[in-house]
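Beneath this line is the structure, given in structure tokens, with notes to follow.
Here, each number is a calculation from the coordinates, and none is a lab measurement. Predicted model, so just to flag it, every value in this text is computed and none were measured. Cβ sites come from the backbone with ideal geometry, for glycine too, and all protein chains shown count toward neighbours.
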Amino acid sequence: MIRGLATAMLMLLTVWPAQAADCVVILMHGKWGGPKSPHLKVLSEKIEPVCRVEMRNMPWSRLRNYDQTYQDALDDLALAVAQYRQTGSKTVILAGHSFGANAALAYQAAIGDADAVVALAPGHSPANMYQSGLSVRAVDEAKSQIAAGNPGAKVAMTDLNQGERKEFELRADILSSYFDPTGLGHMPGTVARFKRPTPFLWVIGTQDPLFRQGQAYAFDRAPNTPLNQYIVVEAGHAATPEVAAGQVVEWIEAVAAR
């Protein structure tokens, strides 16, 4: 027991050097990535002098392959947020890159207790996948299995990530939770359903496929606050967190100083 406690303390000291004790950023990686995502390394290092950073292994990682529903993933985040508050964190920020950004938006719509939301090169567009025909058969079959009382039935589908495709076989309830075109993954819908006005930062690169959709796609649907900000950088989808790191940290400092 003592050895385990000592190991846990060492891990905390390793991950969290001296930072502002009352501020934490939960930073989530993109689709098929992981908590050590190279796309987030520079940004996390720049945030750390301002706020603690937790890099989570999310269900859409290359290791987990959608092993729980979207709502269950958000509930796990809610437990983490509550634990940070119990240990003295006054400001808890939900941030993410690509699918991680999608999750930060979904969290504020479904749970709603984050103090700020950062969406970096937001990704995962189940509505577009469905409208293009890519996910129609899988989503419709998943919904039919759920309606028939078989949420655990396996359904095959093709996933899409920045032009790359990958085959999965998922539980019907898990598949539906992530790929329903009007569900938790639909960013225009989740932004519009933020449970309360929340400082909201949206960062997009000029070479990102979503850039052409502009602010009206989702950002403008959020409840307004004085700290809401839409930032455009000269970057592609993957490089956006690194290119925008300085601006993101300045925004986080402003949120933490409130």
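Summary table
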{"read-out": "Of 41/195; 90/143; 36/90, pairs whose Cα-Cα distance is over 32 Å", "value": "90/143"}
{"read-out": "Dipole magnitude of the chain, debye to nearest 20 (Cβ charges: Lys/Arg +1, Asp/Glu -1, about Cα centre)", "value": "200 debye"}
{"read-out": "Mean Cβ count within 10 Å, highest first, over the residues of peptides 151-160, 83-92", "value": "151-160, 83-92"}
{"read-out": "The chain, relative contact order [Cα under 8 Å, separation at least 6], %", "value": "19 percent"}
{"read-out": "At R0 = 30 Å, FRET efficiency that the Cβ-Cβ distance of residue 147 and residue 192 yields, to 0.05", "value": "0.65"}
{"read-out": "Placed amide H near residue 162: partners under 5 Å, 5+ positions off or other chain", "value": "none"}
{"read-out": "Neighbourhood charge, 11 Å Cβ-Cβ cut-off, centred on residue 240 and excluding it, Lys, Arg +1 and Asp, Glu -1", "value": "-3"}
{"read-out": "Taking the convex hull of Cα positions in segment 126-181, its mean projected area over all directions (nm²)", "value": "3.3 nm²"}
{"read-out": "Residues residue 128 and residue 234, FRET efficiency given R0 of 22 Å [Cβ-Cβ distance, rounded to 0.05]", "value": "0.35"}
{"read-out": "Extension reserve of the residue 71-residue 227 stretch, reckoned as 0.36 nm per residue once the Cα distance is removed", "value": "53.4 nm"}
{"read-out": "Sequence ranges 223-229, 66-72, 114-120, ranked by mean other-Cβ count within 10 angstrom, highest first", "value": "114-120, 66-72, 223-229"}
{"read-out": "Rounded to 10°, Cα long-axis angle of helix 136-147 versus longest principal axis of the chain", "value": "90 degrees"}
{"read-out": "Spherically averaged projected area of the chain from its Cα convex hull (nm²)", "value": "14.1 nm²"}
